[in-house]
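Visitor: Below you'll find the structure I mean.
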Amino acid sequence: MLLYLYSIVAGLIQAVTEFLPVSSSGHLVILHDFVNFNIGNTLAFDVALHLGTALALIIFFRKDIWKYILAVLNVFIPKRQVNQRDLKDAMLIVYGSIPAVIFGFLLKKFAPTMFRQTEVVVITLVVVAILFFVVEKTAKHTRDYTGMSIGKALYIGCAQVLALIPGVSRSGITIIAGMSADLKRSEAAKFSFLLSIPAVLGAGLLEMFDIAWTKLPNQEIIGIIVGFVVSAVIGFVVIKFFLKYVEHHKLNVFAWYRICLALILLLWLYLK
């Protein structure tokens, strides 16, 4: 019973923090350290949670994804008209995904564990919070991502690589990069979410291949499924909320949250 409760809580945390710019991996590291509950194969559980949020993204953006796939496929079908705008948007996501593919492959064996110290989370929480304040104050926020250059897509993609470090936040750092490239706040958020689909899916599927041969107890498998379902359902709700929120609100509230969380963690590190 405790395992299932932990799975529900972890699924909720993953869903909320994956799409709000407060760092999902950082919160999961904190959950593992604070609760100190032996869930068994921690990596398998974390992968399931990330795949759950990836499913939420695919369902939410299914229309965009489908039109981008059609635009790419029509290039290879004779006498089929190609929607050039959709093709360009699709290629922005492809180019933006290149850095994550390269670094994800190179760091595949080390990324899950090399930065999982709470001290690292504290530092990255504060650094990214400061970047939020800076970009909100200095960026122009005037452009749609559909008019973006390939160079800017690569720039945002390079920022996504930093999300390998717990506490950075994949959505947070890519939204910051998008806004610094003068994208509207809502457009930066949408492109951030679309860009995360191949990265999260690719990483999750690679890890699934690695752990596919690992035998897990039935109870642990059920716990993983519960976490997956919770992260997918709640993730969909959070995506819808966040995209509406950023249309009319600055992101400073998330910066302050990150700073407060960092202070709490510092206190915990001092007292433990």
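Just so you know, all these numbers are worked out from the coordinates, no wet-lab data involved. Remember, it's a predicted structure, so these values are computed and weren't measured experimentally. All Cβ positions, glycine included, derive from the backbone under ideal geometry; neighbour counts span all protein chains shown.
Visitor: Stretched out fully, how many nm does the piece from GLN84 to ILE102 gain, at 0.36 nm a residue minus the Cα gap? Don't skip to the answer; put the middle values down first.
Guide: Values: separation 18, 0.36 × 18 = 6.48 nm, distance 2.72 nm.
Between GLN84 and ILE102, full extension yields an extra 3.8 nm.
Visitor: A follow-up question, please. Mean-square fluctuation check for the chain, GNM, Cα pairs under 10 Å: which of GLY11, GLY151, GLY204 is largest?
Guide: Judging by the Gaussian network model, the answer is GLY151.
Visitor: Moving on. For the chain, take the longest principal axis of its alpha carbons; what is the angle in degrees between that and the long axis of helix 84-106, to the nearest 10 within 0 to 90?
Guide: With rounding to tens, the tilt is 40 degrees.
Visitor: Another one. Given just the C-alpha atoms of the range 2-271, how large is their convex hull per residue in cubic angstrom? Intermediate results must be reported in sequence, preceding the final value.
Guide: Working: hull volume 34.5 nm³, N = 270.
Spelled out: Cα convex hull of the range 2-271, divided by residues, is 128 Å³.
Visitor: Using amide H atoms built 1.01 Å from N in the peptide plane, name the residues 5+ places from ARG143, or on other chains, whose amide H lies under 5 Å from its own.
Guide: Excluding prolines and chain starts, which carry no amide H, the hits are LEU183, LYS184.
Visitor: Something else: Using the basic label-point model (7 angstrom from Cα toward the beta carbon), what is the ILE221 to PHE76 distance in nanometres?
Guide: My value for the distance between the label points is 3.5 nm.
Visitor: Next up: Between 0 and 90 degrees, rounded to the nearest ten: what's the tilt of helix 150-161 against the longest Cα principal axis of the chain?
Guide: Orientation of helix 150-161: about 0 degrees from the principal axis.
Visitor: Compare SER180, SER171, SER231 in a GNM of the chain, Cα atoms joined below 10 Å, and give the one with the largest fluctuation.
Guide: Among SER180, SER171, SER231, the largest mean-square fluctuation in the Gaussian network model of the chain belongs to SER180.
Visitor: Sorting check: for 134-141, 265-272, which peptide has the highest mean count of neighbouring beta carbons within 10 Å, and how do the rest follow?
Guide: Values: 134-141: 14.2, 265-272: 11.6.
By packing density, highest mean first, the sequence is 134-141, 265-272.
Visitor: Ok, one more. Using a 10 angstrom cutoff on alpha carbons, build the Gaussian network for the chain and name the most mobile of VAL253, VAL238, VAL128.
Guide: With Cα springs under 10 Å in the chain, the top fluctuation among VAL253, VAL238, VAL128 is at VAL253.
Visitor: Can I ask one more? Quick one: work out Rg over Rh on the C-alpha atoms of the range 58-161, Rh as Kirkwood radius.
Guide: Working: Rg = 17.9 Å, Rh = 16.7 Å.
Value, to two decimals: 1.08.
Visitor: Before rounding to the nearest 500, sum -39500 (n - 2.57) across all DSSP H runs of length at least 4 in the chain and divide by the residue total; then give [θ] at 222 nm in deg cm²/dmol.
Guide: Numbers: 12 runs with 209 residues, N = 272.
Helices in the chain give a 222 nm mean residue ellipticity of -26000 deg cm²/dmol.
Visitor: Turning to a different aspect of this structure: On a 26 Å Cα-Cα criterion, which of the cross-link pairs LYS63/LYS140; LYS63/LYS137; LYS63/LYS88; LYS137/LYS190 come out too long?
Guide: Numbers: LYS63/LYS140 29 Å; LYS63/LYS137 33 Å; LYS63/LYS88 16 Å; LYS137/LYS190 20 Å.
As for pairs spanning more than 26 Å Cα to Cα, those are LYS63/LYS140; LYS63/LYS137.
Visitor: At a 10 Å Cβ-Cβ cut-off, how would you order MET91, MET148, MET179, fewest neighbours first? Kindly include the intermediate steps, with their values, before the conclusion.
Guide: Details: MET91 15, MET148 23, MET179 27.
Least crowded to most crowded, the residues run MET91, MET148, MET179.
Visitor: Going by C-beta contacts inside 10 Å, put ARG185, ARG85, ARG143 in order with the fewest on the left.
Guide: ARG85, ARG143, ARG185
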